[in-house]
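To keep things clear, I will list the structure first and then write my remarks on it.
Quick note: the coordinates plus some simple rules give every number you see, no bench work behind them. As the structure is a prediction and not an experimental result, all values here were calculated from the model. Ideal geometry is used to build each Cβ from the backbone, glycine not excepted, and the neighbour counts take in all protein chains shown.
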Amino acid sequence: NLGNSNQTYHVVLLSYSTFWNDTNDKTILDGFKIESGNANGNSEINVNNETISRNNGGGVFVSSSKYQLDHNTLMNNTAGNGGGLFAQNSDGQYNNNTITGNVATLGMGICTTNCISIFDSDNFIRGAVFQNGNAIFTGENIILE
């Protein structure tokens, strides 16, 4: 819990690295509680040739990765886009997660761009205050299983 001190952006950052030998590998985040993250900045940073906006992904920011979220809670995070999670250029799978109470202009729970997202039936995703894409905002493929 950051205590609203605004001292950090993106509680978790997942990004592909050229150090990985197998491009089919994926990062699995299992059993974490990610709470009170913040992404309300107006600038960008570059990490491993990836541009990371400080306005996206209050809880989790994903870029150019294959990832899987299992049994996690993302709650009370704040961002311009993707309060709970923001993903770009990535493929993600979501299994048995609770994503609730997050605040964002686009996708309070999850916001994705240029992604393929697969959700199992055991996810609980709920927004907070409605603006655009209350629970999930995506312009691409979403698969519900």
Which residues qualify? For E50, with a placed amide H closer than 5 Å and at least 5 residues away or on another chain, they are none
Net charge near C111 (other residues with Cβ under 15 Å of its Cβ; Lys, Arg +1; Asp, Glu -1) is +1
Report ³J(HN,Hα) in whole Hz for each residue of the range 105-120, in order, from the Karplus equation J = 6.51 cos²θ - 1.76 cosθ + 1.60 where θ = phi - 60°; Gly and Pro get x. 6, 10, x, 4, x, 9, 10, 10, 9, 6, 10, 10, 10, 10, 10, 7
Summing Lys, Arg as +1 and Asp, Glu as -1, what charge do residues with Cβ under 15 Å from the Cβ of N97 carry, N97 excluded? -4
Determine ³J(HN,Hα), in whole Hz, for all residues of the range 79-93 in sequence, where each value follows from phi through the Karplus function 6.51 cos²θ - 1.76 cosθ + 1.60 and θ = phi - 60°; x replaces Gly and Pro. 7, x, 9, x, x, x, 8, 10, 10, 9, 6, 9, 10, x, 10
So, with points 7 Å from each Cα along the Cβ direction, the K26-N141 label distance in nm works out to 1.3 nm
Most exposed first by the Cβ proxy, i.e. fewest other Cβ within 10 Å, how do L85, L13, L144 rank? L144, L13, L85
Counting sequence-distant residues (5 or more places) and residues on other chains, those with an amide H built under 5 Å from that of N77 are S36, G37, N102, V103
Near the amide H of L14, under 5 Å away, which other amide H atoms are found, from residues 5 or more places off or on another chain, if H is placed in the peptide plane? F61, V62, S63
Three-way shape call for the range 30-145 based on the alpha-carbon gyration tensor, with the a/c threshold at 1.5: rounded
